[in-house]
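Undergrad: Supplied in structure tokens, the structure appears directly below.
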Ligand SMILES: Cc1cc2nc3c(=O)[nH]c(=O)nc-3n(C[C@H](O)[C@H](O)[C@H](O)COP(=O)(O)OP(=O)(O)OC[C@H]3O[C@@H](n4cnc5c(N)ncnc54)[C@H](O)[C@@H]3O)c2cc1C
């Protein structure tokens, strides 16, 4: 694909954001209690503000049925140029374990690679050491020799199969507004949240430029975003149900294999969570890579919630 690939490192992200923050910003401080107009810190100090936003990250929510994208990655220096010309997003020509499995390789410099061993699995447990060994074998199999391991990372990201919109709506309608994963603001199929985070930050910044921010005002803005995002992404949840519930774990790769034969523009719009209705049709027409009976069985979001005992009675 001739698509540009952008990446940001945590270090640079941190540097750039800090340079822009107001003097007096508080770091490394635990919020013990948050309220509509105050936050109590771990040291007992109470901060008062007209606008409080809860960005404390993911928490277990009872209204989503989830699968998981989990991975371990090694950033390595190899002893010779690796000759990988561009990122390899999904190399699934490897044994399939624990669901859909693929390697994801990013060439950062001529001799530096970031390599992920990734799984689309039903469970969230991550065997870090085993995965690290598999990355080392993959590096060997490609004829590369590790000179130095620069960094390791691992993660378990949520993949949304179905959710109770009423409960999501209720939680976004009351109290301190939450952003990020806790507000279900992430791509349902990749689990990535950076684009949604940027959109949320932009939304709040524009509101601030128009007048003083309050907790109520931000809650209303986030609520509208949460609602529209949830509705716009129902198709992704359907695809996820096909992947996780209609396809046998060892055959999940066939769903992706078919998908990556589609038009490159469609693939870009898929990652950007901007598929058109026509794109959606293109994704599902043709011979399904999953048994038809099972595909029909996962069409309804509500039925899956019922089966898993999730949602409003
Ligand atoms: C290894 C790895 C790689 C990833 N790669 C990508 C990627 O390439 N692209 C992408 O889009 N996403 C990626 N993700 C996912 C992305 O990082 C998460 O979706 C995102 O960070 C979630 O954002 P959030 O704001 O909801 O929560 P978080 O980023 O978890 O932020 C919550 C913050 O709140 C702090 N906090 C929690 N409780 C308190 C408290 N009581 N008081 C004060 N502070 C508190 C936490 O310390 C944390 O800093 C990756 C995740 C991992 C782990």
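Undergrad: Against the condition more than 16 Å from the ligand (Cβ to nearest atom), more than 30 Å from residue 4 (Cβ to Cβ) and modelled with pLDDT of 95 or more, how does residue 249 come out, does it pass?
TA: Answer is no for this residue.
Undergrad: Let me ask another. Could you look through region 271-298, keep only residues that are at negative phi and touching a residue at least 60 places away in the same chain (Cβ under 8 Å), and pick out the one that is surrounded by the most Cβ atoms within 10 Å (Cβ to Cβ)?
TA: 298
Undergrad: Restrict the check to region 78-89 and report whether at least one residue is part of a strand (DSSP E or B) and either modelled with pLDDT under 95 or not assigned by TED's automatic domain parsing to the domain that holds residue 137 (or both).
TA: Yes, that holds for at least one residue.
Undergrad: So, one more: Inspect all residues belonging to region 151-165 and state whether any of them is without any contact (Cβ under 8 Å) to a residue 60 or more places away in the chain and surrounded by fewer than 20 Cβ atoms within 10 Å (Cβ to Cβ).
TA: No, the conditions are met nowhere in region 151-165.
Undergrad: Of the residues 30, 82, which is surrounded by 10 or more Cβ atoms within 10 Å (Cβ to Cβ) and more than 25 Å from residue 169 (Cα to Cα)?
TA: 82
Undergrad: Mind checking which residues of region 169-215 are within 16 Å of residue 59 (Cα to Cα), over 13 Å from the mean Cα position of the chain (by Cα) and crowded, with 20+ Cβ neighbours inside 10 Å?
TA: 172, 177, 178, 179, listed by residue number.
Undergrad: Within the group 185, 213, which residue is over 22 Å from residue 302 (Cβ atoms), touching a helix residue (DSSP H, G or I) at 6+ places or on another chain (Cβ under 7 Å), within 12 Å of the ligand (Cβ to nearest atom) and not in a helix (DSSP H, G or I)?
TA: Checking each option against the conditions leaves just 185.
Undergrad: Which condition number in (1) farther than 19 Å from residue 190 by Cβ; (2) surrounded by fewer than 19 Cβ atoms within 10 Å (Cβ to Cβ); (3) touching a residue at least 60 places away in the same chain (Cβ under 8 Å) is the one that residue 76 fails?
TA: (2)
Undergrad: Continuing with the same structure: Can residue 115 be described as within 16 Å of the ligand (Cβ to nearest atom), within 19 Å of residue 88 (Cα to Cα) and surrounded by 14 or more Cβ atoms within 10 Å (Cβ to Cβ)?
TA: Yes.
Undergrad: Taking the stated definitions as given, is residue 72 assigned by TED's automatic domain parsing to the domain that holds residue 137, in contact with a helix residue (DSSP H, G or I) (Cβ under 8 Å, 6 or more places away or on another chain) and either outside any loop (DSSP other than H, G, I, E, B) or within 29 Å of residue 214 (Cβ to Cβ) (or both)?
TA: yes
Undergrad: Tell me which residues, restricted to region 200-216, are more than 12 Å from residue 177 (Cβ to Cβ) and free of Cβ contacts under 8 Å to residues at least 40 places away in the same chain.
TA: If the condition is that a residue be more than 12 Å from residue 177 (Cβ to Cβ) and free of Cβ contacts under 8 Å to residues at least 40 places away in the same chain, then 201, 202, 205, 206, 208, 209, 210, 211 are the ones that fit.
Undergrad: If I ask for residues that are within 16 Å of the ligand (Cβ to nearest atom), assigned to a helix (DSSP H, G or I) and in contact with a helix residue (DSSP H, G or I) (Cβ under 8 Å, 6 or more places away or on another chain), which ones from region 132-170 would you list?
TA: Once the filter is applied, which keeps residues that are within 16 Å of the ligand (Cβ to nearest atom), assigned to a helix (DSSP H, G or I) and in contact with a helix residue (DSSP H, G or I) (Cβ under 8 Å, 6 or more places away or on another chain), region 132-170 yields only 168.
Undergrad: Here's another thing I want to ask about it. Give region 171-182 a look and list any residue that's more than 8 Å from the ligand (Cβ to nearest atom) and either out of contact with any helix residue (DSSP H, G or I) (no Cβ under 7 Å at 6 or more places or on another chain) or outside any helix (DSSP H, G or I) (or both), or say none.
TA: Scanning region 171-182 gives 171, 174, 175, 176, 177, 178.
The values are calculated or read from the model by the stated rules, or taken from the named source; none is laboratory data. Keep in mind it's a predicted model, so treat the numbers as computed, not measured. Ideal geometry is used to build each Cβ from the backbone, glycine not excepted, and the neighbour counts take in all protein chains shown.
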